[in-house]
Structure formats: C-alpha cells, structure tokens
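The values are calculated or read from the model by the stated rules, or taken from the named source; none is laboratory data. Bear in mind that the values here come from a model prediction, so they are computed numbers and not experimental data. Positions of Cβ are backbone-derived with ideal geometry, glycine not excepted, and every protein chain shown enters the neighbour counts. Just so you know, the surface numbers come from the protein's heavy atoms only, side chains and all, with ligands and any DNA or RNA stripped out. Shrake-Rupley method; radii C 1.70, N 1.55, O 1.52, S 1.80 Å.
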Amino acid sequence: MRYEFSAIEKKWQAIWQENGTFRTGESTEKPKYYVLDMFPYPSGSGLHVGHLEGYTASDIIARFKRSRGFNVLHPMGWDAFGLPAEQYAIKTGTHPKITTENNIRSFRETLQAMGFSYDWSKEVNTTDPVYFKWTQWIFLRLYEMGLAYMSDVDVNWCEELKTVLANEEVDEKIADGYTVVRKPLRQWVLKITAYAERLLADLDELEWPENVKQMQRNWIGRSEGVEIDFELRCHGKNLRVYTTRPDTLFGATYLVVSPEHPLAEKLATADNLKEVKAYISRAKLKTELERTGLQKDKTGVFTGSYAINPATGNPLPVWISDFVLISYGTGAIMSVPAHDSRDWEFAKKFNLPILEVIKSPHDVNDAVFEGKESVPVNSSNSEITIDGLAFRKAFDTMASWLEKKGVGKRTINYKLRDWIFSRQRYWGEPIPIKHYEDGTLRTETSLPLTLPDVEAYQPSETGESPLATIHDWLYGSDEFGSFRRETNTMPQWAGSCWYYLRFIDPENSGRLIDPEREKYWMNVDLYIGGAEHAVLHLLYARFWHKVLFDLNVVSTVEPFRKLFNQGMILGEDNEKMSKSRGNVIPADHVLKTYGADAVRLYEMFLGPLEQVKPWNTNGIEGISRFLGKVWRLVYPEQEGNKAELTDETMPEELLRRLHKTIRKVTEDTEALKFNTAIAEMMVLVNELQRNGCRNRTAVESMILLLAPYAPHITEELWQATGHTGSVTDEPFPDYVAGLATDSVVQIAVQVNGKLRGTFSTPAGTPQNSLIETARNVESVMKFLEGKTIMREIVVPDKLVNFAVK
RNA sequence: GCCGAAGUGGCGGAAUUGGUAGACGCCCGGGACUUAAAAUCCCGUGUUCAGCAAUGGACGUGCGGGUUCGAUUCCCGCCUUCGGCACCA
C-alpha cells in the first residue's frame, strides 16, 4: 500500500476532532504543563511557513509532554483588534468584525490542517465582548489604583493612521513609511514606571534567552546617579542637574538645559534673549527624528547666565541645547567635556574649556577619555578630596558630601516612560470611563461596554475616534448627572496582556479566572514566539501580571517561566519573506503538496529552532523520502498488505541503535533540539530498513518516537500495527541505559596529535591493552619506527596518542 | 559608537568539561531494477598532490598569534555578518 498523506491526514484530523482527543484534562492529580504560542493577529494574507515554525515546535512539546504523563494545556486564540481590519473597513465599509471572522476561520483551518493539538474548546478572541469585558475590568482596577491617569502629553501622532502611537511603536511605523510627529493631546497613560524596579529585578529569575532579558533591562534603563543643585548667579535660584558621574564634578565646565526646560528662556540675559528665543522655537519645530536621529551635529546657544560649581566655586556658563532631553532626569546636565563624548563634542564646537579630572592616557584636548577604571585627579577643595579613589568610592564620597551640604541627592532614574494607552480608533476595546459635565470621571458600572455600530470608520481630523460621532452611544445620564463616554479605545497590546490567563478558564462569566485553576495552571511553562516581541508585548504583559498579582487575581509574580524565540524563516532567496519581494511560501501551498507531517518535520529539520534560516523547497523532498521509509517499515510493498511484525530478537547492534536513538530523541526533544532528534530518527530508520528489520518493538518504538513530530502518519501506522487507541495515549518509549551505548568502540590512534589509524575494541578495554594494540596498528607502526615514545595519552573508549621524538 | 549572537564542504547544518571534523539531509555523479519512466535500492561526493590502481601524503572549521601530546572547542588581537539600542548625561 502506498503512503497517501492527504487522505490519512484528513482522516485523523476528523477523528481527533470527533473524539476530543486534545481536550485538556480536568483532573489536577497529574503534573501540569502549560505550553503557549504567541497568538496571532488574523491577517488577511494568511499564514506562511514562517508562522508555522513556532507553532510546530510548541505542538511537538505539547504532544511529547502528554506522552510523558503530563496534563497539558495547549490553547490557541486570536489577537483580533488592530489596524489592518479597520483600515480595510475605511476602504470598503466592511465591518471589521466580518473581516476578522473570515480571517480567523481561514487561520483556524490552516492550523487544523497542520494537525496541531490545540484544545479548541479553550479558544479566545480579544474582540469578543465576553473576553474584553475582563480587559476593561483590568483597566478599571488600574484606574482605581491610580495606575491609569489622563495627562496632556506630547504624543507620537501618526498622520496617516490618525492615531497616537506608543513610544515603542514609533520606529516600526516610520519604517513602514508612516509619518509620526509630536503633538500635545490629552491621553490615557498607564503608570508602568511605578513597576520599573520590579520589572527589572524579577527578570533575573526567568528562564529566558539572555538577549531578551538584556533588551528589557536596557529598555527599563535603570541608572544610579545624583541630582546636584547649581546656584544660579544673579537669579537667586538653583539649577538642578542629574548626573551618573558625580566623581567628575570638579571637571564640569558648563551646564546645558533642554530647550523645553522651564528656566530655559528665563536664563537668557538681555543680550542673548533674541537668540535664545529663536533657538527654542527652532527646536520645537524639529521632528523627533531630527532631534534624536542619525544627524548628531550639535547645536546650542549661550544664555548669558552663570551657575556656581558647588565643588570648585567657579562660575559655569549655562547653555541651551536640544541634545539634552527634557523627559529624562531633570532636563538639565552638567557637562564634563574631558570625560563624556557628547560634552566633548559640544565643548569643541563652542570652544568651551576641557578639564582633566580622571587620569587619562592622552591629552583630553585631543580626545575624550570616558574610562571608569581610571581614578580622579585635580579633584580637591578645602573640604574634600577624591583624588586617587576608585570609581565607586569616589562616587560615594562625592554624593555624601553633596548631600551633607544640602546641594545633592542620590537618585535613581529610568529610561522607561509611562505607557500612552489610548488610541483614536474604532476597532479596539472602549475605555470604560464616563466624563461628567463638572469634569469628574466615573467608571462604567456595567461591563462589557461594547462598541456601537458606526457608519464611517474614518477617524476625525481633530484626533477623536469615530465613536465621537455616535451620539446615542456617546451621551447618557445617571444619578451623578449627564456624561459623555470616553471615545478613545485601548491599543492592540491590551488584549494580549493577559490572554494566557483566560485560556485557563475561558468561559467564566463571574470572574476573570477561577483561583483554583489559576493556582494549578500558572505559570506558563513554555512560551514560544518571535523575538520581535522582546520588549513590547512581553514587558506590558509582565506589568499587567504584576498588577494582577497585587490584586490577588494571580498567585505568581511572573507570567512566563520559560521563553523561547524561534528564529525567522527566510525566503529561498535568503531574504525576509515579504509580499513585495514575492518570496513568501504560503502555508496552504506546501501543505497541499507535501502534507502536514512533512511540513512539520521539515520546518524542524532546517536547523536549530532559535536560528534564522532560509527555506529551501528542495530540502523537503528528503523529509518526504524519510516518511516513505517509515511507511515501508510497515507496508514494504507498493501493492499488497502490511508486513507481519515479528517478535524475534534483534541483532545486538540494532538493539543498541534503537536504545541510543530513544535516548537521543528524548533528550533532544526535551531541549527543543528538534533538528538533531530528527536526524537521529533517520539514522535508526535507515538501519532498520537496511537490515530488513520487522521487529515489533523496534518498529513500534520508532512510531512512538516520531508521533509528536508527525502525528498523522504515526496514528495510521499505529493502527496498522494492530492497535485500536490513539498514539496520543501511548507513553513515550523508554530506553535501557546499558543498551544506549556501543559495545564495540572505535579507537583513534594518533602520533603527535595526528590521526594515523584506528581499531575496534570492546568498550571498557583497559588502557595498557589499548596502548599495546595501538602500537601494532600497521598504519601507525611506520610513524613510530625509529622514534622514541615520550608519552602515551589514553582517553578510554576513544583515543590513544603517542607523543614521539 | 555601545550591547548581544554567530562565522564549519556546492547548500542547510552536526560534533565543544579540548580527543577520529563534516552526523543527517539537499544538490551532483555512477550503478541496479524497468520496454521506458517515476518510485525505490546500492556506491561515491572537503581541497589538493603522487599513482594505471589498491592506496598514500599534505592542507582544511573567518584571519593572525598563543597555550597543549592534541584546538571548530580555551586565551589574546583583528575582520565580516545578523539582531537590538542609539545624544537617557
């Protein structure tokens, strides 16, 4: 009988669905394993082979863990709010709900055609009111805790999309060709900064790729420093700066404030006022890109004012420059040009003095020296000296002295900013807040607050969402008076901040999640997804999770214990897959040609899961051949029936091969090294085939090893070998440690480290016997002839090396 | 510029408490089966030199050094690619 993947795959997918094979167990007796994919945005262009990589990996783990006795939760859902459906609605008038439903259906079909063992009874959809009721519920808790507030902020406004973007989204949109400008708007903001310290500290415990943890650390950007007050001459006021290098205070030769600094204009003396005003208004007009982007030519203007260096008593000129950011620290800095490259550059351009206060290997007038490993010089006054102290000691001495004098204060700063949370769009969760005429805000009493139907999806020019035009929905009154609803909606990140919790208890109408279930299932044991979410989604979700922890909704401080980033799959041209390049390999196409089992195996066989690697359609042929060989272990003839499996004992070498393979596949699967696990199975199948082996244990073990990887063909063959149940219910094969090693080993014989011959010997042959045999290997003898053996190095069961002279 | 990861045959990749480099697969070449083809099976396949051949030698894991009996693996100095951050004081 021939291997007809198409019929077999359809057959088993139907059986699984009918029998509810992958329903999550209700019992809490078994150990649990929660394996989660980053759920997709169901786009109109469908899934390509790259999307399937992570899903295949998680599915192999899900099936593997089931066969190892775990109660497995492996769910799938849809992150379905978002711009593309809304943009499509603007163009065509089709309600985003319709578009979304269609896309979800198509995505679900593809995922089912891949044979993924999701428990579809747990499916969630962020646009479903039953789901977003709880997204809104969380928002209200944030509001009550003071973690959600309204603020007039300079937002990132996207002209084309008519909406505000999160800081984290800006670069991505600019890269996509959108225009982003700064614009002041009243916005909802989430106080993620209140959790900065915990978000940073708790990273240490997580089993995440080191680079992702590092990226989050950088993004949070904690720094320890000192705020120092500089007395302004002729102003009677102080100018406060933030520095992480108080040890260089003696070398400060000028100060710089940001153009947005409240004192900026006030600092200008009569002579300089005109120029200062001009500079400030020019800075305002610059876009974010011009100010922080690639062009780093320093500009600035002198205010005419001076401030006193508290360490030296010297007057320092105060400048204004847009390289100083108002949003970080105090919006003002002390400049130490000798030991900071930006300050050095600025000093050179405007001819300001450069003073060496850290012992430098070269003249600081020629080049900056930023090293922290050197020590302070020229840093003494009548009260204090830090000369010669190591960085940490110098920092502390200086900070304490400043604090004692009342002109300084140790401070911790973060790069992390609060999260601008509102979007002026239709297709998102409505923010459940009512604005009363007297300016007070109250929370909606009844959730979910659903979206009304609208005629036009186009946002208004004023920066309000289309919801502002639906008067029936917008206005109302209650015992507190008449109110207007909030018309902003939440960003797409909102729904994905907590979906992993809802999978545990998706139908609960009374609470977000049942506490007992939560305790059993959390944390997520393995979370697989793309590295593009290293900061955004993963930081937001961790933030919300910690809030929910503080609310006693969840029992763990972190949501995702282990994270794994699959590497991107490139097109056959070695470029990122994209429509414009025309190198996209659509999932449905390869599924049809090669079948789900072959696609699953091939995606995993391409190379290490975490690595970026190109797709090569030729390569999948090898996998198809492999599946054919597996098939012929049971059905050796194209025509005719299956072979009888025998219970005869296997040759010892084959038996050892089997146990070695079981061990390797078990270990590699556990470690997500699927490429080498598959290679090992190929070795076993080649051996069985070459030997015409029909041993029942061998063939059945092989089927069970392969089952997590290629579920359809293995179900079929399991049935063909006389079993009635599903392979899903079978335990993963065990190996016997004593059989998982070779009984006869090859010994390499080297002379001076060069390979000169080999011989076979039983494992465990004693050293002197190895040396004796090695010495008499013919190809070795001629290299020993006439030489003196200085040393014999033996690695048992591996190698003998003669060091000769 | 800073941080992180990686450089191995024609290609994807394997092997690192230092121990036979190139598992497995693709491509390519030869053969068997077949009227023929497909499918399948068998053999070969890092480079180079010597030889009719069996075979044997040299070289070979980005580059240059070092440690070692022995280095893809460890150390020092470079180069390149990819990912991230980018005036955060």
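Take A:Lys10 and tell me if it is in the same structural domain as A:Tyr527 (by TED's automatic domain parsing) and without any contact (Cβ under 8 Å) to a residue 40 or more places away in the chain. Considered against the rule, which asks whether it is in the same structural domain as A:Tyr527 (by TED's automatic domain parsing) and without any contact (Cβ under 8 Å) to a residue 40 or more places away in the chain, A:Lys10 comes out as yes. Of A:His362, A:His339, all but one fail to be assigned by TED's automatic domain parsing to the domain that holds A:Glu265, under 36 Å from the mean Cα position of the chain (by Cα) and farther than 22 Å from A:Thr269 by Cα; the exception is A:His339. Among the residues making up region A:534-562, those that are of a type in the set (Lys, Arg) and within 22 Å of A:Leu416 (Cβ to Cβ) are A:Arg542, A:Lys546.
Evaluation of A:Thr445 against the conditions (1) open to solvent by less than 70 Å² (accessible area, probe 1.4 Å); (2) outside the structural domain of A:Ile326 (by TED's automatic domain parsing) shows that the sole unmet condition is (1). Do you know which residues across region A:309-325 are in contact with a Phe, Trp or Tyr (Cβ under 9 Å, 6 or more places away or on another chain) and open to solvent by less than 40 Å² (accessible area, probe 1.4 Å)? Result: A:Asn309, A:Pro310, A:Ala311, A:Leu316, A:Pro317, A:Val318, A:Trp319, A:Ile320, A:Ser321, A:Asp322. Across region A:422-449, the qualifying residues are those that are assigned to a strand (DSSP E or B) and not β-branched (Val, Ile, Thr), and the one among them that is farthest from the chain's Cα centre (by Cα) is A:Tyr436.
Would you confirm, using the coordinates I've provided, whether A:Lys30 is part of a helix (DSSP H, G or I), outside the structural domain of A:Leu609 (by TED's automatic domain parsing) and basic (Lys, Arg)? It is false that A:Lys30 is part of a helix (DSSP H, G or I), outside the structural domain of A:Leu609 (by TED's automatic domain parsing) and basic (Lys, Arg). When every residue of region A:424-441 is checked against the conditions, none turns out to be closer than 30 Å to A:Thr385 by Cβ and hydrophobic (A, V, I, L, M, F, W, C). Residues considered: A:Leu609, A:Leu633, A:Leu591. Of these, the only one that is part of a loop (DSSP other than H, G, I, E, B), in contact (Cβ under 8 Å) with a residue 12 or more places away in the chain and assigned by TED's automatic domain parsing to the domain that holds A:Ile703 is A:Leu609.
A single member of A:Val226, A:Val241 is in contact with a helix residue (DSSP H, G or I) (Cβ under 6 Å, 6 or more places away or on another chain) and within 15 Å of RNA strand B (Cβ to nearest atom), and it is A:Val226. Of the numbered criteria (1) in contact with a Lys or Arg (Cβ under 8 Å, 6 or more places away or on another chain); (2) more than 13 Å from RNA strand B (Cβ to nearest atom); (3) among the hydroxyl-bearing types (Ser, Thr, Tyr), the one A:Ser327 fails is (2). Taken as a whole, the condition of being closer than 12 Å to A:Thr253 by Cα, in a loop (DSSP other than H, G, I, E, B), in the same structural domain as A:Gly406 (by TED's automatic domain parsing) and of a type in the set (Asp, Glu) does not apply to A:Glu370.
Just one of (1) closer than 19 Å to A:His712 by Cβ; (2) modelled with pLDDT of 90 or more fails for A:Glu610. It is (1).
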